[in-house]
Amino acid sequence: MDTSALLRLLRRLLADGGERGARTIVRFARHEDGRQFLAKLAARRTSGAALRAARPIRVIGGFSLPLPAASLIPLLDYGCVLEEDRSVQISRALPRPIVRADSKMDIPWGVRRIRAPQAWSRTTGQRVKVGVIDTGVDFGHPDLRHALSRGINLLQRASLPHDDNGHGTHIAGIISAANASRGMIGVAPRTEIHPVKAFDADGSAYVSDIILGIEWCVHHGIDIVNMSFGMPNRSEALLKAVESAHKAGVLIVASSGNDGRKGRIDYPAGFGRTVAVGALDRRGRVARFTNRSAAIDIYAPGAKVDSAWPNGRRRVMSGTSMATSHVTGAVALLLALRPGLSPGRIKDILRRSARPLGYDKAPPGSRGAGCSAHAGGCRRLVGRDIRDCGAQ
């Protein structure tokens, strides 16, 4: 491939401009072509303003452009693969959220249901690094200050990943909140949270930003990536990033979606390399709002979950987003005890150690999904019998 000719073409296309707001992800059919091109692009971006608009995405061997795919057809002659850089929304909360002030320290129902407290004498998630790709986090929240570590703001690289929405703070609280004097406690209170801000104040992100978030997590040695969001459309670029993370030993836990669909779930939960999570209500039944299918690996508490909210507050929210973070916390407890487990092994343990939902409680599309009537689905994984979960 003539990388110099491709760079000249790319510079011309960027100079011509295109439809405002349209974005495209560009990959290469041959991995070697992508590697060579990205090396050349890195050297040329510093000398030309136009090329700086092309953002390298090394985890997939490609880049993103602020141009519509229709204007990039000439790139196909160079072995490029084009994909619309779609907008993704964090899952909406159901029902309407209830805001509350901090109260006395307590253990939320979901944390109790998955029996996390029974595991804390042996593991609290210590030394496990969790990347939360979301809206950022409230760095000043008293329930989270102990857990927060280095992160990144993909929307404004010079700024900290502050949460201007609230969703990311809520997710982080479920995973690792801890406030002994006043506040709440999460599933794995000594887990390190690395906030990756890919979503804006409206809860919107581009697929390319999510992929860059995965790339950052892989590069910085993150153990688990929490993805409490989803989209109905399959993205081959996102799949490639998920597979790269899996190969690097990084587990991705993702939410199935809140549309109440049967037989189909959101992506990236729909990819085989992720842990796909559905939501349970307080009765231990599959929540009405959750998407469900045999592709779901596990169900966890997701209805009316109390957790941290910006400005030192708490909020009750429902959704598969909340269920996903319970599972992430449970995996952190396991990894702190057995740090050498691979993503595939962890997924197998989750499915085998979960208690199957009874057929009288399981809605169509849920049977045989390796579900759990107990939170996080892992009575043995995070309860008294943690030694029997198959991790030894």
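The values are calculated or read from the model by the stated rules, or taken from the named source; none is laboratory data. Nothing here was measured: the structure is a model prediction, and the numbers come from that model. Don't worry about glycine lacking a Cβ; one is built from the backbone with ideal geometry, like all the others, and counts go over all protein chains shown.
A compact table of results
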| read-out | value |
| --- | --- |
| Filtered residues of the range 107-143 (kept if β-branched (Val, Ile, Thr) and out of contact with any Pro (no Cβ under 6 Å at 6 or more places or on another chain)) | ILE107, VAL111, ILE114, THR123, VAL128, VAL130, ILE133, THR135 |
| SER325 vs. criteria among the small types (Gly, Ala, Ser) and surrounded by fewer than 24 Cβ atoms within 10 Å (Cβ to Cβ) | no |
| Any strands (runs of 3 or more DSSP E) falling wholly within the range 24-118 and containing at least 3 residues that are within 30 Å of ALA254 (Cβ to Cβ) and modelled with pLDDT under 95 | 87-90, 98-100 |
| Residue within the range 172-194 that is of a type in the set (D, E, K, R) and buried (at least 24 other Cβ atoms within 10 Å of the Cβ) present | no |
| Some residue of the range 332-341 being closer than 18 Å to ILE107 by Cβ, modelled with pLDDT of 95 or more, buried (at least 18 other Cβ atoms within 10 Å of the Cβ) and aliphatic (A, V, I, L, M) | yes |
| Matching entry among ARG288, ARG283 (being out of contact with any Pro (no Cβ under 9 Å at 6 or more places or on another chain), farther than 30 Å from ARG23 by Cβ and surrounded by fewer than 24 Cβ atoms within 10 Å (Cβ to Cβ)) | ARG283 |
| Single unsatisfied condition, THR328 versus (1) at pLDDT below 90; (2) under 18 Å from the mean Cα position of the chain (by Cα); (3) of a type in the set (Val, Ile, Thr) | (1) |
| Considering residues of the range 113-163 that are among the small types (Gly, Ala, Ser) and touching a helix residue (DSSP H, G or I) at 6+ places or on another chain (Cβ under 8 Å) only, the residue surrounded by the most Cβ atoms within 10 Å (Cβ to Cβ) | GLY125 |
| Out of ILE211, ILE252, ILE224, sole residue that is more than 23 Å from ASP200 (Cβ to Cβ) and under 11 Å from the mean Cα position of the chain (by Cα) | ILE224 |
| Which listed residue, of PHE139, PHE199, is over 25 Å from HIS246 (Cα atoms) and among the aromatic types (Phe, Trp, Tyr) | PHE139 |
| Matching residues in the range 240-276 - criterion: being under 22 Å from GLU215 (Cα atoms), in contact with a Ser or Thr (Cβ under 7 Å, 6 or more places away or on another chain) and either surrounded by fewer than 17 Cβ atoms within 10 Å (Cβ to Cβ) or among the aliphatic types (A, V, I, L, M) (or both) | VAL242, GLY249, ILE252, VAL253, ALA254, ALA269, ALA276 |
| Filter result (in contact (Cβ under 8 Å) with a residue 24 or more places away in the chain and not in a strand (DSSP E or B)) within the range 270-287 | GLY270, PHE271, ARG273, THR274, ARG282, GLY284, ARG285, ALA287 |
| Some residue of the range 262-269 being under 16 Å from the mean Cα position of the chain (by Cα), of a type outside the set (Asp, Glu) and either in a strand (DSSP E or B) or not assigned by TED's automatic domain parsing to the domain that holds LYS347 (or both) | yes |
| Filter result for the condition that a residue is aliphatic (A, V, I, L, M), touching a Gly at 6+ places or on another chain (Cβ under 7 Å) and part of a strand (DSSP E or B), over ALA323, ALA294, ALA308, ALA330 | ALA308 |
| Subset tally (residues that are more than 16 Å from SER204 (Cβ to Cβ) and either of a type in the set (S, T, N, Q) or within 17 Å of the chain's Cα centre (by Cα) (or both)) for the range 128-161 | 12 |
| Contacts under 7 angstrom Cβ, first residue in the range 65-87 being in contact (Cβ under 8 Å) with a residue 12 or more places away in the chain, partner assigned to a helix (DSSP H, G or I) and of a type in the set (Gly, Ala, Ser), 6 or more apart | LEU65/ALA53; PRO66/ALA53; LEU82/ALA69; GLU83/ALA237; GLU84/ALA69; ASP85/SER208 |
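Residue-by-condition table, conditions (1) without any contact (Cβ under 8 Å) to a residue 60 or more places away in the chain; (2) in a strand (DSSP E or B); (3) outside the structural domain of THR135 (by TED's automatic domain parsing):
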{"residue": "ALA172", "(1), (2), (3)": "no, no, no"}
{"residue": "ALA188", "(1), (2), (3)": "no, no, no"}
{"residue": "VAL196", "(1), (2), (3)": "no, yes, no"}
{"residue": "PHE199", "(1), (2), (3)": "no, no, no"}
{"residue": "ASP209", "(1), (2), (3)": "yes, no, no"}
{"residue": "ILE214", "(1), (2), (3)": "no, no, no"}
{"residue": "CYS217", "(1), (2), (3)": "no, no, no"}
{"residue": "ASN226", "(1), (2), (3)": "no, yes, no"}
